[in-house]
1. How many residues, within region B:429-458, are surrounded by fewer than 24 Cβ atoms within 10 Å (Cβ to Cβ) and over 26 Å from B:M496 (Cα atoms)?
2. What's the number of the condition B:A177 fails, among (1) small (G, A, S); (2) more than 14 Å from every other protein chain (Cβ to nearest Cβ); (3) touching a helix residue (DSSP H, G or I) at 6+ places or on another chain (Cβ under 6 Å)?
3. Please name all residue pairs, on different chains or six or more residues apart, with Cβ atoms under 6 Å, provided the first residue is in region B:412-438 and is hydroxyl-bearing (S, T, Y) and the second residue is part of a helix (DSSP H, G or I).
4. Could you tell me which residue of region B:315-336 is surrounded by the most Cβ atoms within 10 Å (Cβ to Cβ), considering only residues that are over 20 Å from the mean Cα position of the chain (by Cα) and either over 26 Å from B:R397 (Cβ atoms) or small (G, A, S) (or both)?
5. So, in region A:132-163, exactly how many residues are touching a His at 6+ places or on another chain (Cβ under 8 Å), under 21 Å from A:G215 (Cβ atoms) and assigned to a loop (DSSP other than H, G, I, E, B)?
6. Residue check, B:S560 against (1) open to solvent by 20 Å² or more (accessible area, probe 1.4 Å); (2) within 19 Å of B:G50 (Cα to Cα); (3) touching a residue at least 24 places away in the same chain (Cβ under 8 Å), all met but one. Which one?
7. Within region B:386-400, does at least one residue satisfy the condition of being more than 7 Å from chain A (Cβ to nearest Cβ), more than 27 Å from the chain's Cα centre (by Cα) and open to solvent by less than 10 Å² (accessible area, probe 1.4 Å)?
8. What tally of residues in region A:220-249 results from selecting those that are assigned to a loop (DSSP other than H, G, I, E, B) and either within 22 Å of A:F143 (Cα to Cα) or open to solvent by less than 50 Å² (accessible area, probe 1.4 Å) (or both)?
Amino acid sequence: MKRVVPFLLILSLPLAGCQGWQSALDAQGPPARALADMFWIFVAVLGTVWVLTMASLLLALRKRRPAGADPLATDPGTERRMTITISIAIALTLAIVVSLTGLSYAAQKALFSHKDGALTLTVTGQQWWWKITYEDEQPSRVFTTANEIHIPVGEPVLIKLEASDVIHSFWVPNLTGKMDAIPGRQNQLQIQADRPGVYRGQCAEFCGLQHAHMGMLIIAETKEDFERWRNHQISSALPPNDPEHQRGMEVFLSKPCVMCHQVRGTDAGGKVAPDLTHVGSRRYIGAGTLETTRGNIAAWIIDPHGVKPGVNMPTIQLEPDEVQPLASYLEGLK
Amino acid sequence: VTRAITSHDLDAVPEVTRLATGERGGIPGVQSEADAPPSPRELRDDQVDGPELTARLAKTWGTEKGLIGALSTVDHKVIGRRYIITAIIFLFLGGLSAVVMRMQLALPENNLVGPDLYNQLFTMHGTTMMFLFGVPIGEAFAVYLVPLMVGTRNIAFPRLNAFSYYVYLFGGFMIWAAFMLNIGPDVGWFAYVPLSGPEFSPGKRADIWAQMITFTEVSGIAVAISVVVTVFKLRAPGMTLDRIPLFVWAELINSFVIIFALPAVVTASAFLLMDRLVGTHLFNPAEGGDALLYQHLFWFFGHPEVYIIFLPATGWVSAIIVTFSRRQAFGYIALVLSLIATGFLSFGLWVHHMFTTGLPQLGASFFTASSMLIAIPNGIQIFCWIATLWDGRPVFRTPLLFVIGFFFIFVAGGLSGIMLASVPLDSQVHDTFFVVAHFHYVLIGGNVFPLIGAIYYWFPKFTGRMMSERLGKWHFWLAIIGFNVAFFPMHITGLMGMPRRVYTYLPEMGWGNLNLISTLGAVLFFGSFLLFLYNMVTSARRGSLAGSNPWDAGTLEWASASPPTPQNFDRIPVVTNREPLWANRDSLPVVAGLSVENREQIVSTVTAGRADLRETTPESSLWPFLAAVAITILFIGSMFTPWALVWGTPPLALALIGWFWPKASTEDER
């Protein structure tokens, strides 16, 4: 019986999991809600099965045989009663399993039948960040960003998942279940948010050294806010007007940064690392690792391997007086 | 205690009578070697008795002293003991790597180990637990106990069995030596491509992982074949199919699962090695290969692997429950059929590890149904065990306590497995700590708890001494509390969004407290194992003497001395009941007529267990050890140069020629 007490204490802990910006139990969209509801149904049914089985086990531990009885002796009446009981238990198990399979199948059909959505994104998993391309019928309105996805609330958004190096998995638990991004294949996933909010997602398939720091943000906002954001993202970066930012841009353009990064509106056209055109408008840098502040940007540039050991960004030799302007410039790319 | 066979026993097993009395007979119309009259010049076990018989047989079957003798032995008990000890050492190494990981995860943004070491640690943990502990421990117990339980003197193909142990040992040593040299594999125990492929894992790390699979594969299949043949052909006279102990059934089904599952993973690892070492593109999508092919091959092995770990445990549970509930197993036939059903179904579930890879939905839902269906045979087993306890008179010794712990933990893990079988639910919890919690409930509950029970149960047989009951109870409570404190919170951390295989997490994720609790539980759980180790070491030296049957159990291994003599039994028992020692309380009927001077065993028929032939079984030999050394050199060399396949083959061929060099047996010479 002593065993049960810590168990009950621990069982009360799930309540702690109901809130969070990356929690499967804090559903913020129709698919996640369907999944969370189903989860609790499974917990209730299977929890009951566990309790009943353990109760019968504990009852079975009473000494029913007389001391010194022949262990080979069996009583036909007891045998028959136990056979009947077990048959009923098996029939019930089968019934439970079949109904849960049916429930699961229904949910699966609902979840994976994609509705027509206004918005289609291509998300490409890379070691260790997410490249995000907003598709549009007009080529001029297609743009690329990284690690931060904005979506309008109340609308299904189709996400096409690709991977450019190893397998990754796109997972934003508050909005829906995960889907792998596999090199050479394209998977699809639909997400939808009920109300404005910031939700976090993270790579869920082991992808190498910095699998732990491959996060992303999903920012759900009203249709108007979203359109405003999108139009701004489509535009190129504005040329800086104060001297420090101009100095920062010179540093950026004269250093190897441009080999990998793109800032639309400048000569920097690298495509293998995150697009930095509006990096200052994103809430995090380093794929959900550091909040976007001037200090964090400077820290990241000076020693990316101190923040994300093994990351593909090399350490660039900078003069001490180059760091601040560069960080200011990047932070200013709103 | 032995006695001459009575006419009553003869009715039960008529065909044995002729063997016992030297009378010609057997199956009518079939001339059997067993019918041949014993050679007058050869000493047979009906001509000597008592201590002289014991001593002479021990000399015939014994292991010679010295290093060469130790490396040449083919005694299944010596090899089995080494297997068990080696697997338990790997269990401790795997546990130690887990404790370091838990220390790292105790706090957010902790700097105890970096990502590189952490990735190596979880790879080593998973690889060790699955390949170097999980598969071998079940086989290790089979090697030691199956020949004793079926009433024979050695395992079938004893040299192959010895060879398999050395291959396993060398493979395990190789991967841990690599880890100590900081070239341990870091791609996970599953080593998914492309991450483990040539482009993203340069160096030798992934090769070492893949080659370790080859070692495990060779040794695993070798043992499985020996066990299958032992169970089919070496059973004591009268042990019909429905008198085979449940433990032996479990090991038999397990061996079949091993034989059919391991080739899939060796295909996967061999393809991976080819991609890495000779430039094939089997898994390279850019060249027409397919990354998902690897996952199919891996999980076609990987899911049966779970049952390879669980099936032997069902055997331990059955044996312990029957002995400690003082009642024969309820639903023997149902239990055996459930084992067989589990074995078959385990091959139809692998896709539930791949639900999030974007497979066709209809196909995925088929695997939901099949995964849930396996709850039925497992349910039957659980219910039959509970029924056996219900109608019994439970004796609460440490082995039974661990089996009760097994019920609590394993059933919880099995039920959370039903959640994972559902495609939509799996899409949330797959690759999160929820899954980590689930499979530790299944594997620790389903294998480690029964294993500890089994060690407490059979320790007197292995060593002749009892383990401390007082320490055993402490061990049990520490283990069950530590386990639940470590692993239950992981369900919640997973649902709160924490993925697996992350070396750290941000403080703002809110996972810190739960992780800290898990770490404390893990330390407690590991501490319980240190107590276990202490108990084993001190009991082996100073424990109270056990006698041959300390638990008053019913199966044949308890008819041998503790520890068993090299010949296991002075005369081969005749089995008239599923629990021979309960049916024949005073003395066990035996057959006589086997050679005392040669290693002779009875070969019996597959279904009826009729004595069919007298067959000599191989003597000790150093060649299996040398062959294992040669194959180790070949395997390790081939990671570095393809030419190793060329220069590595002649030594192996020489060793095999030595091994199989035809040698006329003494009997043939006469």
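1. Residues that pass the stated criteria total 1.
2. Going through the list (1) small (G, A, S); (2) more than 14 Å from every other protein chain (Cβ to nearest Cβ); (3) touching a helix residue (DSSP H, G or I) at 6+ places or on another chain (Cβ under 6 Å), B:A177 breaks only (3).
3. Within 6 Å, the pairs are B:S416/B:H438; B:S422/A:S104; B:S422/B:T368; B:S427/B:T356; B:T432/B:G494.
4. The qualifying residue surrounded by the most Cβ atoms within 10 Å (Cβ to Cβ) is B:S325.
5. 0
6. For B:S560, the exception is condition (1).
7. Scanning region B:386-400, I find no residue that is more than 7 Å from chain A (Cβ to nearest Cβ), more than 27 Å from the chain's Cα centre (by Cα) and open to solvent by less than 10 Å² (accessible area, probe 1.4 Å), so the answer is no.
8. 7
The values are calculated or read from the model by the stated rules, or taken from the named source; none is laboratory data. Predicted model only: the values in this text are computed from it and were never measured. Note that we place each Cβ from the backbone using ideal geometry, even for glycine, and neighbour counts take in every protein chain shown. Please note that ligands, DNA and RNA were not included when accessible areas were found on the heavy atoms of the full protein model with its side chains. Shrake-Rupley method; radii C 1.70, N 1.55, O 1.52, S 1.80 Å.
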